[in-house]
C-alpha cells in the first residue's frame with residue numbers, strides 16, 4: 001500500500017485532498033484556516049525585542065566605547081535569567 005504523505009483531510013467535507021493545495025478539491029473550503037490565522041496573528045505582533053542600551057551614530061567615540069561593555073553585561077544578564085527559567089521549568093513537577 002503506497003500512502004501519499006501529502007494528503008490532508010478537509011475539516012469541512014471530511015475528504016482527503018492534496019495537501020499542497022490551499023483549498024479542498026471536493027468542496028472548495030480553505031485548508032488549514034486556523035493555522036494560517038495563527039501565523040498571521042504572530043506576524044502582526046512582530047518579533048519580541050531584547051531591550052539593550054542603544055549606540056547611536058551621533059554618540060561621541062568615548063560614549064560608544066562605554067556603551068559596548070554595558071550591552072555585553074545586559075546580554076550576560078539575560079542569558080543568566082533565561083538559564084534560571086530553564087532550570088525552574090525542568091525541576092518543576
Check: Can you find a residue in region 67-86 that is surrounded by 10 or more Cβ atoms within 10 Å (Cβ to Cβ), modelled with pLDDT of 85 or more and not in a helix (DSSP H, G or I)?
Finding: no
Notebook entry, point to check: When residues of region 23-56 are filtered for being touching a helix residue (DSSP H, G or I) at 6+ places or on another chain (Cβ under 9 Å) and surrounded by fewer than 10 Cβ atoms within 10 Å (Cβ to Cβ), how many remain?
Noted result: 4
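The values are calculated or read from the model by the stated rules, or taken from the named source; none is laboratory data. Because the structure is predicted, anything quoted here is derived from the model rather than measured. Reconstructed Cβ throughout: ideal geometry from the backbone, glycine too, with neighbour counts over all protein chains shown.
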